Structure formats: C-alpha cells, structure tokens
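Below is one structure, written out as structure tokens; the observations come after it.
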Amino acid sequence: MSPSWNKGRGLLGPPKPLLGSWTSPPEAQESRSPSPCDRTFADFGKGWIHLEAVWDLGPHGTYKEVAFFGALPDGSLGFYSFTNDGKKSEGKLADGSDVRPTAIAFEAQMPAGLARMIYWPLDGGTGFNFAVESRTKQGWNRFLKQAFRPKAE
C-alpha cells in the first residue's frame, strides 16, 4: 500500500500512490447503482502499471476492467483499458487540479464524448477517491464517485 499521496519520479510517478489493493463497499459510493468494487494496481514489468478492477453486480455477475498505464507512442503518460463487455479505450494524463491540486486525472475520447477519471487522496485516512466524469458544455458532469480504502489481505 502507498502510505502517502507522494507522486513518484519519472513517467510512472503520478500513479505511484495508487499501487496496492483497494476496496470500495457500496456505502462508500455516490453513483446511480453502487456496487462493491476492488481495484489492484501493480508494477508490470519495466515501464508499466497494471490495473485490475472488479465490480460485483450481484445476480448480474461481475464487470471487469484491465488497464495498463505507461508511455504512449508520443512519450506521454497514458493508459489502455479493456473491459469484459468488449469495450476498450485509451487516454492520457490530464489536469485534475479543479478537483484537488494533487489529483491524478486521465482523459479519454469515448463514443459519447470526452470522459475523465480522477483519483485524489481521502481526507483523514489512507486511501483515495475515484470519480468518472463526462464533459458537457457547462463543465464536468460526475456520474460515479467511489472511496477506496486498503483491502485486507
């Protein structure tokens, strides 16, 4: 687990605070249909961080995402994401300072428009907030927010 929200050095420095296994129970979420979610971030070879996210959808099974954070062809930090419903996306590091000066944000162009995912530290504890937003004419529209704490091993 990352004991603090100190971003590391180099290209993979920004997501370093996320390394570890994390969980978000439904009561720690602000979304239309809260579901338990686990996120595990781990080093993956030289130059990549691997994310595995699993949502427990109860009788509807699980929704899974696998993502890799690393260098895009232009040398900037980005991600490639794949979900078990056949969708994929790619995006790059973006500014999330409107949420929190220390936020880690990534933007991706999706079929419905520009989307942003943001990570920022929890107030008063070890863990982080995670949100997904879509870009509108009025600004960012948040439709998912989850609070993650260290997962008991």
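The values are calculated or read from the model by the stated rules, or taken from the named source; none is laboratory data. Not measured: the values here are computed from a predicted model. Using ideal geometry, Cβ is built from the backbone for each residue, glycine included, and neighbour counts are taken over all protein chains shown.
Only residues that are assigned to a strand (DSSP E or B), loosely packed, with under 15 Cβ neighbours inside 10 Å and modelled with pLDDT of 95 or more were counted across the stretch 22-47, and they come to 2.
Against the test of being within 29 Å of Leu11 (Cα to Cα) and touching a Leu at 6+ places or on another chain (Cβ under 6 Å), the options Leu77, Leu72 yield a single qualifying residue, Leu77.
Among residues of the stretch 139-153 being more than 13 Å from the chain's Cα centre (by Cα) and assigned to a strand (DSSP E or B), the one that is surrounded by the most Cβ atoms within 10 Å (Cβ to Cβ) is Trp140.
For the stretch 36-95, a residue qualifies if it is closer than 20 Å to Ser21 by Cα and small (Gly, Ala, Ser), and the qualifying residues are Ala42, Gly45, Gly47, Ala53, Ala67, Gly70, Ser81.
Counting the residues of the stretch 49-83 that are modelled with pLDDT under 95 and either under 17 Å from Glu107 (Cβ atoms) or assigned to a loop (DSSP other than H, G, I, E, B) (or both) gives 2.
Of the residues making up the stretch 105-133, those that are among the charged types (D, E, K, R) and surrounded by fewer than 20 Cβ atoms within 10 Å (Cβ to Cβ) number 2.
Number of residues in the stretch 60-99 that are within 15 Å of the chain's Cα centre (by Cα) and either within 18 Å of Arg142 (Cβ to Cβ) or surrounded by 17 or more Cβ atoms within 10 Å (Cβ to Cβ) (or both): the value is 16.
The residue list Thr136, Thr102 contains one member that is surrounded by fewer than 18 Cβ atoms within 10 Å (Cβ to Cβ), modelled with pLDDT of 90 or more, in contact with a helix residue (DSSP H, G or I) (Cβ under 9 Å, 6 or more places away or on another chain) and more than 18 Å from Arg39 (Cβ to Cβ), which is Thr102.
Considering only the stretch 102-122, I want to know if a residue exists there that is among the acidic types (Asp, Glu) and in a loop (DSSP other than H, G, I, E, B). No: zero hits. Residues that are of a type in the set (A, V, I, L, M, F, W, C) and more than 12 Å from Trp120 (Cα to Cα) within the stretch 85-105 comprise Leu93, Ala94, listed in sequence order.
Here Thr102, Thr83, Thr136 are screened, and the one residue that is under 20 Å from Gly13 (Cα atoms) and of a type in the set (Val, Ile, Thr) is Thr102.
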